[in-house]
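So the structure is just underneath, and the comments pick up after that.
Read the figures in this text as sums done on the coordinates, not as results from a lab. If you're wondering where the values come from, they're calculated on a predicted model, not measured in any experiment. For neighbour counting, all protein chains shown are included, and Cβ atoms are generated from backbone atoms with ideal geometry for every residue, glycine included.
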Amino acid sequence: MAGQMAFPFAQPPPGRLMRAGGKSAASSLWPRVSRAVVRVPDPRHHPIDIDLPAGQPQIFVHEGARQALIRRLELAQKRPVLLSVTDNFRQMISSSLREGILQARVHHMFLDAPAVVQEALVRYVVNQDRAASLVVGQYIDENGHRIRASRPVSTPLTTQGKTHDLLSLFQKLNHAYFNGAVDALITWGKRTRARKARRTIKLGSYSAIERLIRIHPVLDLPWVPRYFISYVIYHEMLHHVMPASHGNGRRMLHPPQFLARERLFRDYERALAWETAHVGRLLRT
Ligand SMILES: [Zn+2]
């Protein structure tokens, strides 16, 4: 039983692992890391300079949880086990046997997985058990929101505008509506000069592969109220926590549960009314 194995067996199509699974939208308030892992904070989200180790993985692992998983593996494998916990975005599980020692690498989402999933993980690593691989695969699908961005953001982020500070609005929303669980990044979009009057304007966007929310710089004006920018940010934060659903084979960006949750925003009606009244002025700006 030497050699290597890896989960997933085949390379997934691009973006497959970014999907957090339509069914698990209700649980998508879970933080993106396991409870047994602490993610090294992104320096761009940190007001003060802190010295943290560079390179991957950018996580601190709860040693007790790691040891517990090692014990499960050793009991089943009846040989010593070396276990690394990863923050990979493609390879969720891999293992190999070297000089009688099982060397396993698993994504941190497995550290606090339910017992049945951990048991399946062990059976999968030890016996390449087919049924176990289904349980493990489903767990990975449902926990896509714990996998880090597949493409690091390369452009510098600007959150402090001339009038509005996106980061402080983002943090207030994160605290008020998401238990602080949203670890997306945010930035003002690039300023482009419109040659002709605009006919449409995209006030906010969310890039899942970068985990980045972009807000149109046209909103960085004194006459744009804070509650309206907050509404735009809140909408994009919902895209971060509620992946597009695939009901009836069609991709729905704003499924009913998304819209229901959007209405929970405190100034929802007020923001919509402001948008209706001012969209013309925004288009001319
Ligand atoms: Zn949207």
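With the gyration tensor restricted to C-alpha atoms of the stretch 166-284, the semi-axes of the equivalent ellipsoid amount to 23, 17, 16 Å, longest first.
Set the Förster radius R0 to 25 Å, insert the Cβ-Cβ distance between LYS190 and ARG270 as r into 1/(1 + (r/R0)^6), and round the FRET efficiency to 0.05. After rounding, the FRET efficiency stands at 0.30. The DSSP beta bridges internal to the stretch 166-284 are antiparallel in roughly 55% of cases.
Using C-alpha pairs under 8 Å with a sequence gap of at least 6, the mean separation divided by the residue count of the stretch 177-219 gives a relative contact order of 48 percent.
Under 5 Å from the amide H of ALA36 lie the amide H atoms of ASP112, each residue being 5 or more positions distant or on a separate chain, with H modelled from the backbone and absent for Pro and chain starts. Taken along its three principal axes, the alpha carbon spread of the stretch 81-141 comes to 32, 24, 19 Å, from the longest extent down to the shortest.
Computed over the Cα atoms of the stretch 74-210, the ratio of the radius of gyration to the Kirkwood radius (Rg/Rh) comes to 1.16. The gain in end-to-end length when the PHE60 to ALA131 segment is fully stretched comes to 22.4 nm, 0.36 nm per residue minus the alpha carbon separation. Using r as the Cβ-Cβ distance of ARG198 and ARG35, and R0 as 41 Å, what FRET efficiency do you calculate, to the nearest 0.05? For R0 = 41 Å, the calculated efficiency reads 0.35. In the frame of its principal axes, the stretch 114-195 has Cα extents of 61, 32, 19 Å, reported largest first.
Taking all Cα pairs closer than 8 Å and separated by 6 or more residues, the relative contact order of the stretch 96-141 comes to 24 percent. Here each label is just a point 7 Å from Cα along the line to Cβ, and for LEU283 and TRP223 those points are 1.6 nm apart.
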